[in-house]
Amino acid sequence: MVAGLGVAIMSCMDALMKLVTATYPIGQVVGLRYGFGALFAVIAFLALGGATPGWPAVRRNLWRAVVVLCTATCFFVAIARLPLAEAIALTFMAPLLMALLGRLILKEPVAPRAMVALAVGLVGVIVIARGQESGASHAFDPIGLVAALACAFFYALSMVLMRQQSAKDSTMTIVVLSNAWAMLLALPVMAVQWQPLTRAHLMVFVIAGLLGTCGHLCLAWAYSRAHAGKLGILEYSAFLWAVTFGFLFFSEIPTLWTIAGAVMIMIACLFGATGKAKVA
């Protein structure tokens with residue numbers, strides 16, 4: 001339930017960020033997203049009376065922040081170049097990758113059918129790409145496709161690392177340090193690429209920062225208490241939100257290719273998550 005709420009909140013943030021990704025340089029977009037995210041995370045941290053993290057926690061969360069930054073950069077490139085529903089559908093490879101990375105990093109058991117599910121998911125990606133090549137929705141955009149798939153990998157890795165770190169750090173500590181580190185790492189690029197903001201776009205970044213922090217808190221809480229591969233199947237609910245927000249905000253209607261590919265990836269996620277886990 002909490003993970004599903006987190007996905008819904010993050011989907012709303014994604015739609016807001018699509019409003020500004022085509023207007024400002026990617027470094028500025030990422031920097032402002034995490035700048036305001038860090039601000040709201042610190043406010044929540046102080047309001048809840050969180051304990052000040054020590055240097056070991058600061059160092060641990062630096063590496064995850066690098067992954068988070070890669071995730072955001074790839075995703076913002078993807079939504080700037082692709083319809084929202086299509087970009088989200090391609091990132092659905094993340095739940096399958098979570099199960100595999102959970103096995104590699106956390107030594108969590110993974111069902112043998114996970115490899116079959118991964119193959120089916122890849123076919124779904126090919127179907128979506130085929131839709132682009134046919135010109136059914138817009139011109140073929142390999143950069144957008146690669147960015148969306150790279151986002152899926154980095155997102156899966158960040159969620160697995162979050163679960164790993166939850167054994168040592170509190171949810172609030174992970175959220176605050178991830179946002180703060182991401183902001184600091186993006187700051188030099190943002191300074192070089194800075195362009196003046198309109199008041200309306202500034203409010204978009206502020207609201208996106210708030211939603212990002214709330215969604216991150218929900219997901220961090222959920223992933224610290226449940227199997228990474230099992231929770232991953234909730235991620236596909238983002239497609240429904242993407243279709244809704246894409247239509248309402250950008251008049252985007254997903255093509256049959258996108259829907260078919262997304263359904264294949266969803267089925268693969270469910271298939272991979274419902275089998276019995278293999279003994280580690």
Helix hunt in the chain: which complete DSSP H runs extend at least 24 Å axially by C-alpha with mean Kyte-Doolittle at least 1.0? 2-21, 26-47, 113-133, 142-165, 171-193, 199-223, 256-274
Residues K107 and A200, FRET efficiency given R0 of 41 Å [Cβ-Cβ distance, rounded to 0.05]: 0.30
Counting other C-beta atoms within 10 Å, and keeping those with at most 13, which DSSP coil trypsin sites (Lys or Arg not before Pro) do you find in segment 45-85? none
May I ask for the net charge around G246, where only other residues with Cβ less than 12 Å from the Cβ of G246 are counted and Lys, Arg are +1 while Asp, Glu are -1? -2
Apply 1/(1 + (r/R0)^6) to the Cβ-Cβ distance of L270 and A167, taking R0 = 35 Å, and write down the FRET efficiency to the nearest 0.05. 0.80
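Since every read-out is calculated from the coordinates, none of them should be taken as a lab result. Since the structure is predicted, the reported quantities are computational estimates derived from the model, not experimental observations. Cβ coordinates were reconstructed from backbone atoms using ideal geometry, including for glycine residues, and neighbour counts include every protein chain displayed.
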